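**Q** This is the structure, below, for whatever I ask next.
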Amino acid sequence: MESILRVDGGKPLTGDIFVRGAKNFVPKAMVASLLGSSPSKLRNVPQIRDVDVVSELLSLHGVQINFDQGAGVLDLNPENVEIAHVADIDALAGSSRIPILFCGPLLHRLGEAFIPDLGGCNIGGRPIDFHLDTLRSFGAVVDKQENGIHITAPNGLRGTQVHLPYPSVGATEQTLLTAVMADGLTELTGAAIEPEIMDLINVLQKMGAIMSVDTDRTIRIEGVKELSGFTHTALPDRIEAASWASAALATRGDIYVRGAHQPDMTTFLNTFRKVGGAFRVDDEGIRFWHPGGDLKPIVLETNVHPGFMTDWQQPLVVALTQATGLSILHETVYENRLGFTSALIEMGANIQVYRECLGGLRCRFGQRNFNHSAVISGPTKLHGANIEVPDLRGGFSYLIAALAAEGESMVRGIDVISRGYEHFLNKLARLDASVERC
């Protein structure tokens with residue numbers, strides 16, 4: 001049954017909501033529990049689809065799982081890990097890209113792993129070849145089959161040197177999860193250092209891993225023979241917090257995001273203030289609101305941490321359609337992330353996309369026929385429309401646009417949003433949004 005949301009827009013979002021653990025961290029910590037010889041406990045866990053997918057995959061491999069959804073506490077017992085049936089794993093193929101991260105832990109625990117075809121959002125190249133090459137460098141043998149990838153380690157895994165030409169979050173996670181129990185020293189250069197990566201390192205260190213992080217994006221891991229379970233509270237989801245902040249700005253609203261964490265959002269908060277948004281930080285979260293008057297245009301360039309996060313730009317672009325003047329956006333992380341602007345244009349936004357690198361230094365997508373820059377002219381009045389959700393972040397951005405637009409919108413495919421936004425319909429109700437699921 002198609003998931004459709006009827007939205008009556010043009011009304012400010014006001015009220016308070018609560019944001020739990022980060023989508024980009026929690027599933028990875030769940031995978032890390034496979035490495036332990038004893039149970040783990042993860043707190044502040046959101047009820048999102050990615051958590052469900054990883055829970056199902058872990059269960060197929062013999063991990064006992066108990067999720068107290070009300071408390072947000074997940075217990076994982078990996079003491080009886082076993083090989084899952086290919087048909088069962090294949091049933092989850094296409095649901096997520098996270099299964100590729102099972103490789104290292106399963107090789108350490110069982111000596112083999114099977115990974116199904118991978119899904120995820122269609123926002124640009126997320127090739128798994130680098131993951132596979134990294135596993136090969138540790139000594140794994142990769143056999144690509146028709147319905148997935150079979151990986152073995154006949155001689156065990158040994159430490160290696162890994163260099164990332166671009167600080168990929170997924171490749172960094174793959175290396176960490178594989179290196180912690182590999183024989184010898186692993187040196188990872190060009191690593192991603194996002195807060196979610198650092199929290200994964202915190203978890204692995206609690207389990208008994210030995211690793212250090214240098215200021216030049218070099219991570220050194222000394223392999224150990226055994227890891228134990230962990231008890232950990234997940235860092236809050238900075239992407240969801242920023243998404244609601246952008247919704248407050250676009251709808252001229254006022255939203256208190258409980259659980260939002262200032263240190264992980266410094267770059268976003270600076271940009272939010274430059275656009276003309278107001279915020280106040282306290283011990284429980286951050287209040288975001290539109291203070292009145294005109295919003296200001298900006299020049300914005302996405303980048304890896306500590307730069308402006310690519311997942312922040314799509315929701316903020318909706319707010320920039322209401323800024324007075326020309327805003328320039330340069331997307332440097334995912335080459336196809338600006339495809340979502342077509343629906344905004346249909347709703348009345350004035351956005352032009354370009355193949356050239358605008359507003360900053362040349363990036364790796366320049367002169368490669370990718371529309372990765374945009375000029376947003378505003379303010380423009382948005383009007384209701386029929387919208388099809390393209391991906392997770394683009395989908396929430398469309399939802400923000402529908403809420404800011406005058407008139408009725410029909411947003412199709414909203415279930416995609418549940419991959420990363422916990423109970424977003426309930427939160428909209430708390431913010432007095434006029435929405436109805438069809």
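The values are calculated or read from the model by the stated rules, or taken from the named source; none is laboratory data. Everything numeric here is computed off the predicted structure, so don't read it as measured data. Neighbour counts are summed over all protein chains in view; Cβ atoms, including those assigned to glycine, are modelled from backbone coordinates with ideal geometry. Heavy atoms of the whole protein, side chains included, go into the accessibility calculation; ligands, DNA and RNA do not. Shrake-Rupley method; radii C 1.70, N 1.55, O 1.52, S 1.80 Å.
**Q** Could you please find all residues in region 186-245 being free of Cβ contacts under 8 Å to residues at least 24 places away in the same chain and under 29 Å from E422 (Cβ atoms)?
**A** M198, Q205
**Q** Got a sec? Which strands (runs of 3 or more DSSP E) wholly within region 297-388 have at least 1 residues that are of a type in the set (D, E, K, R) and over 26 Å from G170 (Cβ atoms)? Before the answer, list the steps.
**A** Details: elements: 299-301, 325-330, 350-354, 373-378, 386-388.
Correct list: 386-388.
**Q** Among the residues of region 138-196, which ones are out of contact with any strand residue (DSSP E or B) (no Cβ under 9 Å at 6 or more places or on another chain) and hydrophobic (A, V, I, L, M, F, W, C)?
**A** Hits for region 138-196 are V169, L177, A192.
**Q** Can you find a residue in region 358-375 that is in contact with a strand residue (DSSP E or B) (Cβ under 8 Å, 6 or more places away or on another chain) and of a type in the set (D, E, K, R)?
**A** No, the conditions are met nowhere in region 358-375.
**Q** OK, next. On the basis of being assigned to a strand (DSSP E or B), closer than 29 Å to I400 by Cα and not acidic (D, E), does I17 make the cut?
**A** On the way: assigned to a strand (DSSP E or B): yes; closer than 29 Å to I400 by Cα: yes; not acidic (D, E): yes.
In short, yes.
**Q** Going by the structure shown, is K28 assigned to a loop (DSSP other than H, G, I, E, B) and either free of Cβ contacts under 8 Å to residues at least 40 places away in the same chain or open to solvent by less than 30 Å² (accessible area, probe 1.4 Å) (or both)?
**A** Against the criterion (assigned to a loop (DSSP other than H, G, I, E, B) and either free of Cβ contacts under 8 Å to residues at least 40 places away in the same chain or open to solvent by less than 30 Å² (accessible area, probe 1.4 Å) (or both)), K28 does not qualify.
**Q** Which members of region 248-285 meet the condition of being more than 18 Å from S327 (Cα to Cα), assigned to a helix (DSSP H, G or I) and open to solvent by less than 50 Å² (accessible area, probe 1.4 Å)?
**A** Narrowing region 248-285 to residues more than 18 Å from S327 (Cα to Cα): 248, 251-266, 278-285.
When the remaining residues are screened for being assigned to a helix (DSSP H, G or I), the result is 248, 262-266.
Those that are more than 18 Å from S327 (Cα to Cα), assigned to a helix (DSSP H, G or I) and open to solvent by less than 50 Å² (accessible area, probe 1.4 Å): A248, D264, M265.
**Q** Here's a follow-up. Can you name the residue in region 10-25 that is crowded, with 23+ Cβ neighbours inside 10 Å and more than 18 Å from M309 (Cβ to Cβ) and is also nearest to the chain's Cα centre (by Cα) among such residues?
**A** If we take residues in region 10-25 being crowded, with 23+ Cβ neighbours inside 10 Å and more than 18 Å from M309 (Cβ to Cβ), then I17 is nearest to the chain's Cα centre (by Cα).
**Q** Something else about it: Give me the residue from region 195-226 that is open to solvent by less than 20 Å² (accessible area, probe 1.4 Å) and part of a loop (DSSP other than H, G, I, E, B) and, out of that set, farthest from N77 (Cα to Cα).
**A** T218
**Q** Shifting gears a bit: For region 419-432, how many residues meet the condition of being touching a Lys or Arg at 6+ places or on another chain (Cβ under 7 Å) and of a type in the set (G, A, S)?
**A** 1
**Q** Can you name the residue in region 404-423 that is open to solvent by 30 Å² or more (accessible area, probe 1.4 Å) and touching a helix residue (DSSP H, G or I) at 6+ places or on another chain (Cβ under 7 Å) and is also farthest from R238 (Cα to Cα) among such residues?
**A** V416
**Q** Filtering region 286-303 down to residues that are crowded, with 19+ Cβ neighbours inside 10 Å and aliphatic (A, V, I, L, M), which residue is nearest to K11 (Cα to Cα)? Write out each step before concluding.
**A** The first filter runs over region 286-303 and keeps only residues crowded, with 19+ Cβ neighbours inside 10 Å, leaving 286-290, 295, 297-298, 300-302.
Filter again for aliphatic (A, V, I, L, M), leaving 286, 295, 298, 300.
Numbers: I286: 21, L295: 17, I298: 25, L300: 27 Å.
Ranking the candidates gives L295 first.
**Q** Another question, if that's okay. How many residues, within region 373-390, are open to solvent by less than 80 Å² (accessible area, probe 1.4 Å), in contact with a Lys or Arg (Cβ under 7 Å, 6 or more places away or on another chain) and of a type outside the set (A, V, I, L, M, F, W, C)?
**A** So the count comes out to 0.
**Q** Taking the criterion of being modelled with pLDDT of 80 or more and either of a type in the set (G, A, S) or crowded, with 17+ Cβ neighbours inside 10 Å (or both), would at least one residue in region 85-97 satisfy it?
**A** So the first thing to find is which residues in region 85-97 are modelled with pLDDT of 80 or more, and the list is none.
Within region 85-97 (the criterion being modelled with pLDDT of 80 or more and either of a type in the set (G, A, S) or crowded, with 17+ Cβ neighbours inside 10 Å (or both)), the answer is no, since none of the residues qualifies.
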